[in-house]
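Okay, structure first, notes after.
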Amino acid sequence: MIPFDFKAIEAKWRERWEKDGTFVTDIRDFSKPKFYALDMIPYPSGEGLHVGHPMGYTSTDIVSRMKRMQGFNVLHPIGFDSFGLPAEQFAIKTGNHPGVFTDKNIQNFTRQLKAMGFSYDWTKQISTHKPEYYKWTQWVFEQLYKDGYTSHKPTYVNWCEGLDTVLADDEIVDGKSERGGFPVEKRLMKQWILNIPAYAERLLAGLDELPEWPESTKEGQRNWIGKSIGAEVEFKIENSGLSFRVFTTRADTLFGVTYCVLCPEHELISRITTTEQRDAVDKYIKECASKTDIERTNTNAEKTGVFTGAYAINPVNGERVPVWIGDYVLTYGTGAVMAVPAHDQRDYLFSKAHDLPIKRVIEGGDLDVEAFVGDGNHINSGILDGLNNEQAINKMIEWLEEKGLGTRKVNYRLREWIFSRQRYWGEPIPVVFLENGNTVLDENLPLILPEMTDYKAKNGRPPLDNATEWKSTEIDGVKGERETCTMPGTAATSWYFLRFIDPHNDKEIADKELLAHWMPVDLYVGGAEHTVGHLLYSRFWNNFLFDKGFSPVKEPFKKLVHPGMLLGENGEKMSKSKGNVINPDDVINEYGADAMRVYEMFMGPITDAKPWNKQNIEGARRFILKVWSLYINDDKIKDEENKNLEKLYHKTVKKVTEDYENMSFNTAISQMMIFVNAVQKENVFPREYACGFIKLLNPVAPFITEEIWERVFDSNNVIDYQTWPQFNEELTKDDEIEIPVQVNGKVKARIKITANEAQDKVLAAAKQAVGVTNADKEIYVPNKIVNLIVKK
RNA sequence: GCCGAAGUGGCGGAAUUGGCAGACGCAAGGGACUUAAAAUCCCUCGAGAGCAAUCUCGUACCGGUUCGAGUCCGGUCUUCGGCACCA
């Protein structure tokens, strides 16, 4: 008996792969077809790798290993998204440079990833916080700047006085900061903005060219882009010479407008509010400052608002309508809406809450209960009377354009990308504000992030504001001050897939010939939480870089897969606060990396959320041990045939190959278990099948299969360079099939037929088996089922 | 709230275009081996009725289409993910 010492075996092969450079990809080898398998790079947190990470990473590793054996030149890199808030907070707390914390975490992540046996090419590793990487992040920003896709303008942020910093909506709970519970308010700050709406139409159209993306992800991006066609209409403020514009997709309801609503941030408010209303308005605006967009747009939430005292004139009928302020109107778009309570539910609720009139202009529904938003005959609408919604919308827009009161307009919900962060631990924005009033780029890249002793923002200014020496500079002899905001985390991750191809290039983001060969990414795997955000921003940057001739393709990711969330034992989210986080180190230590990989892949479909279950790892280990004794301790592998295993072997090769391709790893493993169970019952395990099977298992369990390969088959060459096993389609089909015979839909008997037997023969056998002579209806689905319908 | 996804045994899950519901694994119970234990191997394992062959029910809930529905359609409930400076 040779025992299975997984610790020694795993250590041995980790060392061997590293020494031999087994997984180093020659990116200039164009002789083989390419396959680019990419994981979304992790943020190297202080907690180390989470058991959820290997879920996705193992899946790309399996596909990568299979593709390599199938003759592809595989690029399978990894890196770290290493700028981010936790490192900055650590630095503020301890006074240490965030890079120290980050480097330590990267080392830990690297150790853990290597322990899992992933076939990454570590020579191509990147970390986004390193100057040789962020030089090119800054460079992309400069290209966007030069092409006019950037602007610098006042934008609202969540300001927290107590923490002296800007917060994400996510960091705010009930209007207070999550950390510390300090009040939060909206504040205007000058920020860099990227004009992603300029690419809205292309980002929308590009989705149709991505058949291998999940439909739900594409739908999520479509909703985020939120294209709508409507009209922009101008409303004049009575007796003031002022006016505001509203966007509406329902221009047909203009005759039903009974008031207008401005968002609390609207610039007109201070100029139109009457003296009597001023106190109420000021008070209301203050209240709104701490609410998030989700709270504000909740349809069922109480519709708060306040009257400005001003009136606007409805351009279609000259009616005088009150102008209100309400937080259900957000700052984007025009920041103002025309309210038609009869035909919009939010307006309806607002009008009920504030006793505003409701005027019906379309027949249908019951306005005592809710707004009528359906199609119908227009009434009380002058020129629109008698028309349906679509006709009325078109007629109204034509009329507005003719009279110069409004224009047809396509509106996108997609907002500009706010690109400034009041943080230290990010890429410096290479912009200088000169004394002569000009703003220019600093093209001497990389612009290095300076070291500091205090990383905290102060007095509403970003941390870099305190780097006085770094801040003051001169460009072409003119003195100036640097931008002290940094870039958001999503900047670096919006283009890293290009850099992996040629990560050490100091002259350009990557060699053009290499890019043309390797792009797009063939398989991209990462969490569904990136449906919008990262996945939309990277499409934007890559589209832009395509336009500039730097990326060879418009769409960077050909196939996209989102692994499901890994939950705690009781189906709850794993989190530090719940104390239910599983450390992969412990699992590897106790069961080995192979068992962990088998377990995670066997849990269920890769895209489903699944609860962790310690007992089930035991099953994975048992399977590994069975394979070990089958090859090492049994004496069954012989140069002989075994007809009992022939069909099962070919079926197994076919199913496992197809399942890996489709990323159905749980059923692939199930099939391999069935095969192993069958072999255990036999005395002869033909050498050909034994050799083929160990290759099938290798992508999931690389360590044990390498060891078996060396001991049983070939001690000179690693398994990773072997060719993938083939199957014979004919041998995957059964000659004899057992099918059920139903009478009136209930199974009454089973009969054996030969494959593809003639229908009348099958039906005759079926009738005999159940003793039916006259059936009113006979249904035969070839090789599947017989159903005889007999009326009583 | 809006958008997206998912609900199948004690548990994780399986089930081409609608065609034998519960593959494979875990747990549990029984047995073999052992002085004993561990490991391993064999058997049982959705619910109910029956001595039994067998019958009835069963894929979140209500209804529909169909010879036939876990799968398709309409409605309801629950859970999860996203919602713009967390990662």
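Summary table
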item: Where a residue in segment A:476-497 is closer than 17 Å to A:Val532 by Cα and of a type in the set (A, V, I, L, M) and its partner, wherever it lies, is more than 10 Å from RNA strand B (Cβ to nearest atom) and open to solvent by less than 10 Å² (accessible area, probe 1.4 Å), with Cβ under 6 Å and at least six apart; result: A:Ala491/A:Thr137; A:Ala492/A:Thr128; A:Ala492/A:Thr137
item: Any hit, segment A:373-387, residues being in a helix (DSSP H, G or I), of a type in the set (A, V, I, L, M) and over 20 Å from A:Thr297 (Cα atoms); result: yes
item: Qualifying positions in segment A:547-560 - open to solvent by less than 20 Å² (accessible area, probe 1.4 Å) and closer than 16 Å to A:Ala528 by Cβ; result: A:Phe557, A:Leu560
item: Residues located in segment A:510-535, provided they are surrounded by fewer than 22 Cβ atoms within 10 Å (Cβ to Cβ), touching a helix residue (DSSP H, G or I) at 6+ places or on another chain (Cβ under 8 Å) and of a type in the set (A, V, I, L, M, F, W, C); result: A:Leu515, A:Ala528, A:Val532
item: Top-ranked residue in segment A:187-203 [being open to solvent by less than 30 Å² (accessible area, probe 1.4 Å) and modelled with pLDDT of 90 or more; ranked as nearest to the chain's Cα centre (by Cα)]; result: A:Leu203
item: Criterion: within 28 Å of the chain's Cα centre (by Cα), away from RNA strand B (no atom under 15 Å from the Cβ) and crowded, with 21+ Cβ neighbours inside 10 Å - qualifying residue of A:Pro584, A:Pro563; result: A:Pro584
item: Answer from A:Lys610, A:Lys573, A:Lys614 - the residue that is charged (D, E, K, R), surrounded by fewer than 16 Cβ atoms within 10 Å (Cβ to Cβ), within 13 Å of RNA strand B (Cβ to nearest atom) and under 20 Å from the mean Cα position of the chain (by Cα); result: A:Lys573
item: Matching residues in segment A:716-750 - criterion: being surrounded by 12 or more Cβ atoms within 10 Å (Cβ to Cβ) and within 23 Å of A:Met672 (Cα to Cα); result: A:Val718, A:Ile719, A:Asp720, A:Gln722, A:Trp724, A:Pro725, A:Phe727, A:Asn728, A:Leu731, A:Thr732, A:Lys733, A:Ile737
item: Residues of segment A:751-771 satisfying the condition of being of a type outside the set (Gly, Ala, Ser) and open to solvent by less than 100 Å² (accessible area, probe 1.4 Å); result: A:Ile751, A:Ile753, A:Thr754, A:Glu757, A:Gln759, A:Val762, A:Leu763, A:Lys767, A:Val770
item: Test result for A:Val432, surrounded by fewer than 17 Cβ atoms within 10 Å (Cβ to Cβ), touching a residue at least 24 places away in the same chain (Cβ under 8 Å) and part of a strand (DSSP E or B); result: no
item: Hey, A:Arg65 modelled with pLDDT of 95 or more, open to solvent by 20 Å² or more (accessible area, probe 1.4 Å) and not in a loop (DSSP other than H, G, I, E, B) or not; result: no
item: Residue that is more than 25 Å from the chain's Cα centre (by Cα), open to solvent by 10 Å² or more (accessible area, probe 1.4 Å) and within 11 Å of RNA strand B (Cβ to nearest atom), where the choices are A:Gln70, A:Gln89, A:Gln107; result: A:Gln89
item: Residue match in segment A:440-459 (condition: touching a Cys at 6+ places or on another chain (Cβ under 9 Å), of a type in the set (Lys, Arg) and within 16 Å of RNA strand B (Cβ to nearest atom)); result: no
item: Subset of segment A:557-605 [within 30 Å of A:Asn542 (Cα to Cα), at pLDDT 90 or above and aliphatic (A, V, I, L, M)]; result: A:Leu560, A:Val561
item: Helices (runs of 4 or more DSSP H) fully within segment A:253-318 counting 1 or more residues that are over 38 Å from the mean Cα position of the chain (by Cα); result: A:269-272, A:278-288
item: Any hit, segment A:394-411, residues being open to solvent by 80 Å² or more (accessible area, probe 1.4 Å) and part of a loop (DSSP other than H, G, I, E, B); result: no
item: Check on A:Phe247, open to solvent by less than 50 Å² (accessible area, probe 1.4 Å) and of a type in the set (Phe, Trp, Tyr); result: yes
item: Entirely in segment A:144-237, the strands (runs of 3 or more DSSP E) that have 2 or more residues that are more than 9 Å from RNA strand B (Cβ to nearest atom); result: A:150-160, A:184-194, A:227-237
item: Inter-residue pairs, beta-carbon under 6 Å, first touching a residue at least 24 places away in the same chain (Cβ under 8 Å) and in segment A:200-214, second open to solvent by 40 Å² or more (accessible area, probe 1.4 Å) and within 15 Å of RNA strand B (Cβ to nearest atom), 6+ apart; result: A:Ala200/A:Tyr412
item: Given (1) within 12 Å of RNA strand B (Cβ to nearest atom); (2) part of a loop (DSSP other than H, G, I, E, B), number of the condition A:Thr25 does not satisfy; result: (1)
item: Qualifying residue in segment A:702-720 (condition: within 16 Å of RNA strand B (Cβ to nearest atom) and within 34 Å of the chain's Cα centre (by Cα)); result: yes
item: Among the residues listed as A:Leu242, A:Leu262, A:Leu268, the single one being among the aliphatic types (A, V, I, L, M) and surrounded by fewer than 18 Cβ atoms within 10 Å (Cβ to Cβ); result: A:Leu242
item: Out of A:Glu738, A:Glu729, A:Glu682, sole residue that is more than 27 Å from A:Val561 (Cβ to Cβ), within 11 Å of RNA strand B (Cβ to nearest atom) and of a type in the set (Asp, Glu); result: A:Glu738
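One line per residue, one yes/no per condition, for (1) surrounded by 21 or more Cβ atoms within 10 Å (Cβ to Cβ); (2) within 22 Å of A:Ile501 (Cβ to Cβ); (3) in contact (Cβ under 8 Å) with a residue 24 or more places away in the chain; (4) more than 14 Å from RNA strand B (Cβ to nearest atom):
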{"site": "A:Ile9", "(1), (2), (3), (4)": "no, no, yes, yes"}
{"site": "A:Arg14", "(1), (2), (3), (4)": "no, no, yes, yes"}
{"site": "A:Asp20", "(1), (2), (3), (4)": "no, no, yes, yes"}
{"site": "A:Asp29", "(1), (2), (3), (4)": "no, yes, yes, yes"}
{"site": "A:Tyr36", "(1), (2), (3), (4)": "yes, yes, yes, yes"}
{"site": "A:Asp39", "(1), (2), (3), (4)": "yes, yes, yes, no"}
{"site": "A:Gly48", "(1), (2), (3), (4)": "no, no, yes, no"}
{"site": "A:Pro54", "(1), (2), (3), (4)": "yes, no, yes, yes"}
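Residue by residue, here is whether (1) farther than 26 Å from A:Lys7 by Cα; (2) open to solvent by 70 Å² or more (accessible area, probe 1.4 Å); (3) in contact (Cβ under 8 Å) with a residue 24 or more places away in the chain holds:
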| position | (1), (2), (3) |
| --- | --- |
| A:Ala593 | no, no, yes |
| A:Leu630 | no, no, yes |
| A:Asp639 | yes, yes, yes |
| A:Glu658 | yes, yes, no |
| A:Glu661 | yes, yes, yes |
| A:Met673 | no, no, yes |
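Yes or no, residue by residue, for (1) out of contact with any Pro (no Cβ under 7 Å at 6 or more places or on another chain); (2) at pLDDT below 90:
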| residue | (1), (2) |
| --- | --- |
| A:Ala371 | no, yes |
| A:Ser381 | yes, no |
| A:Leu384 | yes, no |
| A:Gly404 | yes, no |
| A:Asn411 | yes, yes |
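The values are calculated or read from the model by the stated rules, or taken from the named source; none is laboratory data. Keep in mind that this is a model prediction, so the values were computed, not measured. Neighbour counts run over all protein chains shown; Cβ positions are idealised from the backbone, glycine included. Areas reflect the complete protein model, heavy atoms only, side chains present, ligands, DNA and RNA absent. Shrake-Rupley method; radii C 1.70, N 1.55, O 1.52, S 1.80 Å.
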